[in-house]
Each structure stands twice: as structure tokens, then as C-alpha cells.
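Beneath this line is the structure, given in C-alpha cells, with notes to follow.
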Amino acid sequence: MNHLKGLHHVTAITSSAEKNYEFFTFVLGMRLVKKTVNQDDIQTYHLFFADDKGSAGTDMTFFDFPGIPKGSHGTNEISKTSFRVPNDEALDYWVKRFDRLNVAHEGIKEQFGKKTLSFVDFDDQKYQLISDELNTGVESGTPWQKGPIPLEYAITGLGPIYIRISNFDHFKEMLEKVLLFREVATEGYYHLFEVGEGGNGAQVVVEHNVMLPHARQGYGTVHHVAFRVHDRAVLNEWIERLPKFGFQTSGYVDRYFFESLYARVAPQILFEFATDGPGFMGDEPYETLGEKLSLPPFLEPKREEIESMVRPIDTVRSTKEFKKE
């Protein structure tokens with residue numbers, strides 16, 4: 001069986017695509033590599049923020065479903081997304097940046113031998129930065145070269161994804177026996193699992209929690225997490241594998257930028273399995289990624305209708321010069 005290669009992307013829900021764009025571009029310094037719509041709900045924006053090249057394993061993406069209520073955090077949810085930074089010194093830079101820009105954070109802490117910095121956005125969406133100092137395993141991406149963050153401190157990709165779960169034994173069995181993760185460390189109620197080459201880019205932290213009420217999905221919460229598979233052939237292996245363990249799946253889904261499979265692996269926990277390619281530069285040049293509304297070929301005939309439903313957002317950055325600070 002071809003193992004999962006690590007994290008592919010995380011998709012969350014925002015109350016405002018405009019505020020979301022501002023936060024990820026000007027505060028976090030991640031590059032908007034694709035501005036498109038939810039392929040299953042074409043009145044909803046789908047924004048993709050990633051590294052300089054839109055590499056698999058670096059994407060944080062957002063839906064802005066019209067009229068959706070605010071979510072509530074609890075158990076049985078994908079509770080926090082991590083972003084990788086090069087070293088411990090970078091976290092000191094980010095503490096000062098967050099203080100200056102009034103981003104709420106918890107200060108630098110340590111978990112599983114790695115320095116971390118947890119913070120939230122305007123929706124109370126939960127994130128953390130994690131240091132790659134002494135990290136081994138899956139390589140990270142390339143920081144946005146023309147963004148506002150000094151390259152030696154900039155975000156390079158996704159780190160461990162946090163999942164809070166009430167039925168830990170069942171979830172552990174699913175991770176290990178079905179998805180071929182291995183448990184490598186435990187700290188209190190937190191259990192660290194990794195897959196493939198391991199390291200920050202291939203880890204899931206599972207928190208066993210039976211005290212909190214069930215989470216409720218809405219803006220400020222994560223919709224799903226995706227894991228990397230090499231190509232369509234490997235994806236087909238997973239399409240065949242999951243039903244053998246009793247999981248209902250979406251079957252094959254062509255997302256144009258990658259090919260996918262979806263399965264709900266626990267209450268309110270949706271996993272996606274996504275190919276590394278084709279990627280985000282098939283319909284836009286590197287220099288202007290994310291500046292126009294990009295539509296997959298099957299939606300292109302509806303462009304006029306779609307553009308009348310989604311309000312315009314100015315995402316042009318190629319004509320601007322960001323001061324690194």
C-alpha cells in the first residue's frame with residue numbers, strides 16, 4: 001500500500017473573504033495562489049493561500065458560505081491548523097509582529113519538543129506557528145518571495161493538524177489500521193501521530209476530550225483536512241481501500257487543480273485524499289497567481305453567471321511592492 005505523503009491542504013470557513021484575504025496576505029504573508037469558487041456551491045468564494053509556488057502541503061483554503069452562522073469549538077472537530085516557520089528565532093519575530101498588529105496569541109510554548117505560537121484570527125479560527133528547528137521528514141515549501149515577511153522568518157507550509165475527539169480508541173484504530181499512521185509520542189491528553197516520512201508536514205495531533213460539548217461547524221471552524229497522495233494511481237488504491245473498512249466515500253472527484261477522494265472518518269471529521277498535481281499554474285502564470293477569478297473548464301461556460309453572484313475582490317499584487325518588516 002502506498003502510504004499518504006503528509007498534509008495536502010486544510011479548508012476552513014470564513015465570515016468574510018475580503019477580511020480573510022487581508023489577514024493572510026498582509027498579516028501572515030501567505031500568497032493567494034488561486035481565487036475561485038466552491039465547485040459544489042458556485043456563489044461561494046474559495047480562496048487558496050499557499051507558498052510562493054502553490055506547492056502541495058502548503059495550502060490553507062477558505063469558503064465564505066453566504067449567511068452561515070458562527071461555528072462553536074468543542075470536541076469532534078478539526079480544531080487547529082499549524083503553519084511551519086524555519087526556526088525558533090522566527091517565533092520571536094512573530095510575537096513582535098502579532099503584538100504590533102493586535103493579533104491575539106498565547107505566547108511561545110513547547111509541545112512534543114517543538115516550539116509553537118498559537119493565535120486566532122477575526123473569526124476565532126485557531127492556528128499555531130511551529131518551528132522547524134531540528135525538524136526532519138517531509139520538506140516544507142518556499143516562502144512567498146515578494147510578500148511582506150522577511151524570508152528567514154516566513155511561513156513555508158502546513159504543520160501538524162489538531163483534532164479533538166471524544167472516542168479516542170476508535171479514532172486511533174482508524175488512523176493506524178486504515179490510514180497507516182503511527183503514534184510516536186503522548187503528552188497528557190494529546191497524542192502525536194505521523195505518516196510517511198513524518199515530521200511537521202506529516203503529523204496529526206489528536207486530543208482526547210470528553211468534557212467539551214460537540215463542536216458546531218460554521219465560520220471560524222475547519223471544514224476538512226486533506227492528505228497527499230502521489231498521483232491518480234495511488235488515489236485509486238485508496239478509493240478501493242476505504243470501503244473495505246466500512247467507510248462510505250465520495251468516490252473519485254476531479255477538482256481540476258488536483259484529484260480527490262472524501263470520507264467522513266468520525267463524527268464531524270471529514271478527510272480528503274488529494275493528488276500532488278496538476279497544481280495551480282495551469283491556467284495562470286506564476287507572476288499573477290490568484291489575481292483573476294479562476295474557474296475549472298466545466299464552470300467556464302457559467303463565468304458570466306458566477307461573476308454576477310460573487311462580488312469582486314481586488315487581489316492584484318503583481319503591481320505592488322511589499323515592504324518587508
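Please treat every number below as a calculation from the coordinates, not as lab data. Given the structure is predicted, the values throughout are model-derived calculations rather than measurements. Cβ coordinates were reconstructed from backbone atoms using ideal geometry, including for glycine residues, and neighbour counts include every protein chain displayed.
Shown for Thr156, Thr288, Thr319: other C-beta atoms within 10 Å of each C-beta, ranked fewest to most, produce the order Thr319, Thr288, Thr156. Summing Lys and Arg as +1 and Asp and Glu as -1 over all other residues whose Cβ lies under 10 Å from the Cβ of Tyr219 gives a net charge of -2. Spin-label pair Lys70-Arg182: with each label point 7 Å from Cα along the Cα-Cβ axis, the two points sit 4.3 nm from one another. Ranked for footprinting exposure by Cβ neighbours inside 10 Å, fewest first, Ser16, Ser55, Ser318 give Ser318, Ser16, Ser55.
Counting Lys and Arg as +1 and Asp and Glu as -1 over every other residue whose Cβ lies under 14 Å from the Cβ of Lys35, the net charge comes to -3.
Placing a pseudo-label 7 Å from each Cα along the Cα-to-Cβ vector at Asp40 and Tyr190 gives an inter-label distance of 3.1 nm.
Residue-normalised convex hull volume from the C-alpha trace of segment 7-309: 125 Å³ per residue. Averaging Cα coordinates gives a centre for segment 14-40 and one for segment 50-98; these two points are 11 Å apart.
What residues from segment 41-79 fall in the zone where the backbone N is under 20 Å from a label point 7 Å along the Cα-to-C-beta line of Ser308? The answer is 41-45, 66.
Taking trypsin sites (Lys or Arg not before Pro) as exposed when DSSP calls them loop and at most 10 other C-beta atoms lie within 10 angstrom, the chain has its longest site-free stretch at 1-319. The relative contact order of segment 252-325 comes to 22 percent, based on Cα pairs under 8 Å that sit 6 or more residues apart. Cα-based values for segment 57-138, radius of gyration first and Dmax second, are 14.3, 44 Å. Under 5 Å between amide hydrogens, built in the peptide plane, is the criterion, and for Gln111 it picks out Thr116 among residues at least 5 positions away or on other chains.
In order along segment 233-241, the phi-based Karplus estimate (6.51 cos²θ - 1.76 cosθ + 1.60, θ = phi - 60°) of 3J(HN,Hα) comes to 4, 5, 4, 4, 4, 6, 4, 7, 6 Hz; Gly and Pro are listed as x. Taking amide H atoms as placed 1.01 Å from N in the peptide plane, the amide H of Glu77 lies under 5 Å from those of Arg164, each 5 or more residues away in sequence or on another chain. Our note on the geometry: Cα centres of segment 134-162 and segment 219-241, 22 Å apart.
Calculated mean residue ellipticity at 222 nm for the chain: -4000 deg cm²/dmol, from DSSP H runs with n ≥ 4 weighted as -39500 (n - 2.57), summed, divided by the residue count and rounded to 500. Neighbour counts of C-beta atoms inside 10 Å place Asp169, Asp254 in the sequence Asp169, Asp254, starting with the fewest.
Here the Karplus relation 6.51 cos²θ - 1.76 cosθ + 1.60, evaluated at θ = phi - 60°, turns the backbone of segment 156-162 into coupling constants of 10, x, 7, x, x, 9, 9 Hz, with x for every Gly and Pro. Computed from the C-beta positions of Asn236 and Asp99 and an R0 of 56 Å, the FRET efficiency is 0.70 to the nearest 0.05. Binning all Cα-Cα separations of segment 63-192 at 10 Å, short to long from zero, yields these whole-percent fractions: 11, 36, 34, 17, 1. The HN-Hα couplings worked out from phi for segment 92-97 by the Karplus form 6.51 cos²θ - 1.76 cosθ + 1.60 (θ = phi - 60°) are 4, 4, 5, 4, 5, 5 Hz, whole numbers, x standing for Gly and Pro. With respect to the cross-link table entries Lys80/Lys323; Lys114/Lys324; Lys5/Lys34; Lys115/Lys172; Lys53/Lys80; Lys70/Lys320, which display a Cα-Cα separation exceeding 31 Å? In this structure, Lys70/Lys320 exceed 31 Å between Cα atoms. Would you please classify the overall shape of segment 256-295 from the alpha carbon gyration tensor, given that a ≥ b ≥ c denote the square roots of the eigenvalues, rounded means a/c under 1.5, and beyond that prolate means a/b larger than b/c while oblate covers the rest? Taking the square roots of the gyration eigenvalues as a ≥ b ≥ c, segment 256-295 is prolate. Indicate the gyration tensor shape class of segment 212-325 (rounded, prolate or oblate), computed on the Cα atoms with a ≥ b ≥ c the square roots of the eigenvalues: a/c under 1.5 is rounded; otherwise a/b larger than b/c is prolate and the rest oblate. Here segment 212-325 falls in the prolate category. When both bridge partners sit in segment 1-128, DSSP labels roughly 75% of those beta bridges antiparallel. Near Ala185, the amide H atoms lying under 5 Å from its own belong to Leu192; only residues 5 or more places off or on other chains count, and H is placed 1.01 Å from N.
Beta bridges from DSSP with both residues in segment 7-309: antiparallel share about 70 percent, rounded to the nearest 5.
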